1. Every residue in segment 40-66 that is in a helix (DSSP H, G or I), modelled with pLDDT of 85 or more and open to solvent by 100 Å² or more (accessible area, probe 1.4 Å), please.
2. Residue under question is residue 6, and the condition is that it be assigned to a helix (DSSP H, G or I), in contact with a Leu (Cβ under 7 Å, 6 or more places away or on another chain) and either loosely packed, with under 10 Cβ neighbours inside 10 Å or at pLDDT below 80 (or both); does it hold?
3. Quick check on this structure: which one of 73, 69 is part of a helix (DSSP H, G or I), more than 18 Å from the chain's Cα centre (by Cα) and surrounded by 10 or more Cβ atoms within 10 Å (Cβ to Cβ)?
4. All but one of (1) open to solvent by 90 Å² or more (accessible area, probe 1.4 Å); (2) assigned to a helix (DSSP H, G or I) hold for residue 33, so report the exception by its number.
Amino acid sequence: MLKDEFKKEEQLRRQLDEYKVDIPVKLAHHRKRNRWEHFLAYLASPAKDPLTDGISSAGGLIKFTFMPVAGAVCIAIFQALLL
């Protein structure tokens with residue numbers, strides 16, 4: 001459809017003929033990726049860090065600092081109750 005329109009418009013065709021576009025070899029052999037390549041690209045894409053939002057605030061930093069300590073205390077209490 002567009003190629004026919006370019007042939008009809010003489011002035012537009014002349015302006016387009018003035019320019020020469022060289023397509024790089026890398027892009028000339030561009031092919032459609034299959035499912036496996038899409039899956040590999042998905043695995044290789046960078047992931048968002050889930051802890052960034054929690055650590056960005058002062059309360060979040062304190063929470064992430066004391067959670068391991070609280071977890072260790074809970075495990076110690078649980079072990080003491082089992083004995």
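The values are calculated or read from the model by the stated rules, or taken from the named source; none is laboratory data. This structure is a prediction, so every number in the text was calculated from the model and none was measured. Because the Cβ atoms are built from the backbone with ideal geometry, glycine has one as well, and the counts that use them run over all protein chains shown. Note: areas computed on protein heavy atoms with side chains; ligands, DNA, RNA excluded. Shrake-Rupley method; radii C 1.70, N 1.55, O 1.52, S 1.80 Å.
1. Kept after step one, since they are in a helix (DSSP H, G or I), are these residues of segment 40-66: 40-44, 52-55, 58-66.
Pick out the ones that are also modelled with pLDDT of 85 or more and you get 40-44, 66.
Within segment 40-66, 42, 43, 66 qualify.
2. yes
3. On the way: 69 fails: surrounded by 10 or more Cβ atoms within 10 Å (Cβ to Cβ).
Result: 73 is the single residue among 73, 69 that is part of a helix (DSSP H, G or I), more than 18 Å from the chain's Cα centre (by Cα) and surrounded by 10 or more Cβ atoms within 10 Å (Cβ to Cβ).
4. Condition (2) is where residue 33 drops out.
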